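Worksheet: one structure, shown below.
The values are calculated or read from the model by the stated rules, or taken from the named source; none is laboratory data. Remember, predicted model here, so these are calculated numbers, not experimental data. Methodologically, a virtual Cβ is constructed for each residue, glycine included, from the backbone with ideal geometry; neighbour enumeration extends over all protein chains shown.
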Ligand code: NDP
């Protein structure tokens, strides 16, 4: 049977490849229902050749959306007006249409800041942070940490040149950014927060982002990756008594910020949290 779609229903699309694993349709459609909004959130797999036309076509037809791997950099140059967060990170994950122009924002920055604050009980201003990874999520975290005035951010990445590039781009924008070549170089160091911005350790079958016996001390850990029931790294850290969260909180808050761009009203955070409750690792 073909479902009845109300007249005036607005299409909100997630553009990426792959998209079938995404939890965004789950919590965004729950939020739309809770807010009694005439919108439907759909994940659309799309390749590089179709991406720009699809994004601009959906926006021009009154729709809006999110962008995920591998198109966030492409989106940053496909929109007409980019926010400061897009300029700082070179990535766009949210688009919408206004005054006949396509707008783009990177709400991963707001999502990261909210998740870090929830874990630490406040913004990481003055904190010493180890940031593992140097891709898109790491850029959003770097922008968020600089915005909140983290004192020092040490970047560690599998490909050292990318860590150096990220540190160079963000050094002095609000925090000091430096790099280390490997976990062994962190011997004796102490961090308030470690952020994993790589997919490593998400499934439990691959290596953890930071060996559990790495020679450093840290007060809390935020894994930007997520997996049903929590990532292997977060589960291992919690059994050792270290406060740790996976990427679901960041996912919800980047989605809440996107909801506000699309609909011009606050997101129903409780409904978003409730929709993702089955995927959470209980505290
Ligand atoms: P990118 O492809 O842009 O970057 C991936 C990064 O991870 C690179 O630094 C890469 O290193 C590193 N990496 C990849 N595989 C491994 C591995 N096996 N071991 C060590 N390092 C590795 O991806 P994103 O930055 O977009 O995503 C990174 C993670 O963050 C993903 O798990 C993603 O799901 C998550 N994420 C979560 C969000 C949320 O809302 N919670 C939002 C966005 C992303 P190298 O430079 O050497 O290739």
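Exactly one condition in (1) surrounded by 23 or more Cβ atoms within 10 Å (Cβ to Cβ); (2) within 23 Å of residue 151 (Cα to Cα); (3) within 11 Å of the ligand (Cβ to nearest atom) is false for residue 114; which is it? For residue 114, the exception is condition (1).
Every condition in (1) more than 27 Å from residue 55 (Cα to Cα); (2) within 13 Å of the ligand (Cβ to nearest atom); (3) surrounded by fewer than 23 Cβ atoms within 10 Å (Cβ to Cβ) holds for residue 133 except the one numbered (3). When residues in the stretch 88-133 are screened for being under 16 Å from the mean Cα position of the chain (by Cα) and farther than 27 Å from residue 209 by Cα, 4 of them pass. Looking at the structure I just gave you, is residue 180 out of contact with any helix residue (DSSP H, G or I) (no Cβ under 7 Å at 6 or more places or on another chain), at pLDDT 95 or above and within 16 Å of the ligand (Cβ to nearest atom)? Taking the combined requirement at face value, the residue does not satisfy it. Please verify whether residue 53 is away from the ligand (no atom under 11 Å from the Cβ) and surrounded by fewer than 16 Cβ atoms within 10 Å (Cβ to Cβ), treating the condition exactly as stated. Yes: the conditions hold for residue 53. Within the option set 230, 247, 255, 264, being more than 10 Å from the ligand (Cβ to nearest atom) and closer than 20 Å to residue 117 by Cα holds for one residue only, 230. The set of residues in the stretch 146-163 that are more than 9 Å from the ligand (Cβ to nearest atom) and touching a helix residue (DSSP H, G or I) at 6+ places or on another chain (Cβ under 8 Å) comprises 146, 147, 148, 153, 154, 155, 156.
Of everything in the stretch 86-106 that is crowded, with 24+ Cβ neighbours inside 10 Å and within 13 Å of the ligand (Cβ to nearest atom), the residue that is farthest from residue 167 (Cα to Cα) is 94. For the stretch 78-102, the set of residues classified as touching a residue at least 60 places away in the same chain (Cβ under 8 Å) and more than 22 Å from residue 11 (Cβ to Cβ) consists of 88 only.
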